[in-house]
Amino acid sequence: MQYERLVQWATEVWQERWPDREYVTIWASAECSNMIAQNQVRAGRRLRGKARFDGREALDCPAVVPISDYGSRGKSTVLMATAGAYAFKFSVPDEGPFEVIYASSYFDDDVQDLTAVAVLPADKLETWAAFEFACARAVRPRIRRRRDVYIIGGTDAFFDPTVDWEDVILPDDLKNELLEDMEAFFSKGVDIYRQLKLAPFRKLLLAGVPGTGKTMLCAAMAKLAIEQGRIVVYVSGSDRDGASFEKIQRALQAVTAARYPVLLIVEEIDAYLHEDDKARVLNVLDGVESPNNPQGALLLATTNYPEVIDERISKRPGRLDRIFVIPTIQDDSHAEQMLRHYMADQWKDEHAAVVAQLIGQPGAFVRESALHARMLAAHMHSTEVTLELLQQSVDSLLRQLRASSDFLARRPAIGLTSGNNNKKPSQPSRYPFPPRR
Ligand SMILES: Nc1ncnc2c1ncn2[C@@H]1O[C@H](COP(=O)(O)OP(=O)(O)OP(=O)(O)O)[C@@H](O)[C@H]1O
Ligand SMILES: [Mg+2]
């Protein structure tokens, strides 16, 4: 564990500086190294009893990089935290001076909290507590309440929960059911689970062919969850480490530690179900290793390989509470709505002529057709997208899809279709779930 390096360093410094004095090692408050506290809690500050803070000396600690974290609050950029190593100096009349050897550091890329330790004389804990309190009070008004989104396996760029619910174009009943499921769970379900002495953990799966809007739906659900004061934990398998169970474990730790209700998003959950880890993932779904967050945790998982979610999961009640099939475009009105959305100000009623060709396609197809048509028009220095251009764009995209599926069907799988290193089965010829009506 990394904090042990801090403790080891602090005790060595202590023994060098105060070889004959007994000490205790404690978890300390990360705010003591914050620059805001350092500016406000200055040498000469009186603390509880007759103790006085006499100043700080910066120390070199090989395990600590002195670094500050800035975040945004409204429109302004504010200092959130500062890591560092110090000897804090105090004195108490008639008792003489003493020091606290202190170090704070970031150890985990995902849970961006400072870890801090301190070594000090056992009989000076009260003075130290008063000092920590003064530092915390100096910093706290400026600290954001918390992070709203924790990304496991990747940076913030991997997930952007800013999609508006209205911009996800899917059948209304599907969207409503999904939203109602989340709200019913957090508002009523959590208490019911608790009354039954069960960990409140509900599990939903979004299954659908690529490009139907699963990721978009997750982002929109996340935005709504954050607006309701919940925390989002997002697990990405797209970084270099791929889909490892260790990430799920880290996510579960974050869910358990959160003191708020959590929406846990695991994208492409099928990738975690390879032989080595499958039993452990099943344990999580079963509740054996599931997070115990008394405020409730809702798992939103996605897949485009539902056949990997075998009967052990899909037919065993309780492992996945609900499977939502995210369909391709099913009817004219849905197709037209999507097309209008992506043609935006270029929409003309005559464009509706291509609508029939969009049925059975995912949303990503419509977006690409519309974008391509608009680009063709712009390339021709035209300010309007004619039906002819749109038709040309739809046809060429359809041709391209047909050609690539013929080509891929004739070739053995060479692993180009998967974004990460995990082996996935090839796409089934027929999608196993019936389309949603
Ligand atoms: N239902 C939809 N409503 C609006 N836009 C959509 C919809 N589906 C897809 N799109 C458009 O296509 C893009 C790709 O969709 P998205 O990444 O959400 O698909 P996905 O289902 O997660 O695909 P994959 O299974 O490959 O991860 C979206 O960013 C959006 O622009
Ligand atoms: Mg996706």
Original post:
In this structure, is residue 162 within 16 Å of ligand 1 (Cβ to nearest atom), polar (S, T, N, Q) and either at pLDDT below 95 or over 21 Å from the mean Cα position of the chain (by Cα) (or both)?
Top reply: yes
Original post:
Can you name the residue in region 281-306 that is crowded, with 16+ Cβ neighbours inside 10 Å and in a helix (DSSP H, G or I) and is also modelled with the lowest pLDDT among such residues?
Top reply: 306
Subject >> Residues located in region 40-54, provided they are surrounded by fewer than 17 Cβ atoms within 10 Å (Cβ to Cβ) and either within 9 Å of residue 91 (Cβ to Cβ) or basic (Lys, Arg) (or both) >> reply: 42, 45, 46, 48, 50, 54
Original post:
Any residue at all in region 174-184 that is within 20 Å of residue 321 (Cα to Cα), assigned by TED's automatic domain parsing to the domain that holds residue 294, out of contact with any Pro (no Cβ under 6 Å at 6 or more places or on another chain) and within 16 Å of ligand 2 (Cβ to nearest atom)?
Top reply: yes
**OP:** Might you check whether a residue that is at pLDDT 90 or above, of a type outside the set (A, V, I, L, M) and under 30 Å from residue 246 (Cα atoms) occurs anywhere in region 84-93?
**Re:** yes
Original post:
For residue 31, all conditions in the list (1) assigned to a strand (DSSP E or B); (2) at pLDDT below 95 hold save one; what is the number of the exception?
Top reply: (1)
**OP:** List the number of the failed condition for residue 238; all other conditions in (1) within 11 Å of ligand 1 (Cβ to nearest atom); (2) crowded, with 22+ Cβ neighbours inside 10 Å; (3) farther than 19 Å from residue 322 by Cα hold.
**Re:** (2)
Original post:
Which condition breaks for residue 148 when tested against (1) modelled with pLDDT of 90 or more; (2) in contact with a helix residue (DSSP H, G or I) (Cβ under 6 Å, 6 or more places away or on another chain)?
Top reply: (1)
**OP:** Give 271, 335, 258, 297 a once-over and let me know the one that is within 16 Å of ligand 2 (Cβ to nearest atom) and of a type in the set (A, V, I, L, M).
**Re:** 271
Subject >> Which numbered condition residue 318 fails, given (1) more than 16 Å from ligand 1 (Cβ to nearest atom); (2) in a helix (DSSP H, G or I); (3) on the phi > 0 side of the Ramachandran plot >> reply: (2)
Subject >> Condition check for residue 339: in contact with a helix residue (DSSP H, G or I) (Cβ under 7 Å, 6 or more places away or on another chain) and surrounded by 15 or more Cβ atoms within 10 Å (Cβ to Cβ) >> reply: yes
**OP:** Scan region 352-387 for residues that are part of a helix (DSSP H, G or I), out of contact with any helix residue (DSSP H, G or I) (no Cβ under 9 Å at 6 or more places or on another chain) and within 16 Å of ligand 2 (Cβ to nearest atom) and jot them down.
**Re:** 364
Original post:
Take the residues of region 194-226 that are more than 16 Å from ligand 2 (Cβ to nearest atom) and crowded, with 20+ Cβ neighbours inside 10 Å: which is farthest from residue 264 (Cα to Cα)?
Top reply: 200
Original post:
In the set 299, 282, 264, which member is away from ligand 1 (no atom under 16 Å from the Cβ), assigned by TED's automatic domain parsing to the domain that holds residue 250, more than 20 Å from residue 386 (Cβ to Cβ) and in contact with a helix residue (DSSP H, G or I) (Cβ under 6 Å, 6 or more places away or on another chain)?
Top reply: 264
**OP:** Looking at (1) among the hydrophobic types (A, V, I, L, M, F, W, C); (2) away from ligand 1 (no atom under 16 Å from the Cβ); (3) more than 17 Å from the chain's Cα centre (by Cα); (4) buried (at least 16 other Cβ atoms within 10 Å of the Cβ), find the lone condition where residue 271 falls short.
**Re:** (2)
**OP:** Give just the number: which of (1) of a type in the set (Ser, Thr, Tyr); (2) more than 16 Å from ligand 2 (Cβ to nearest atom); (3) under 37 Å from the mean Cα position of the chain (by Cα) does residue 303 not satisfy?
**Re:** (2)
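The values are calculated or read from the model by the stated rules, or taken from the named source; none is laboratory data. Every value quoted in this text rests on a predicted model; they were computed, and no experiment measured them. A quick note on method: Cβ atoms are made from the backbone with ideal geometry, for glycine too, and the neighbour counts reach across all protein chains shown.
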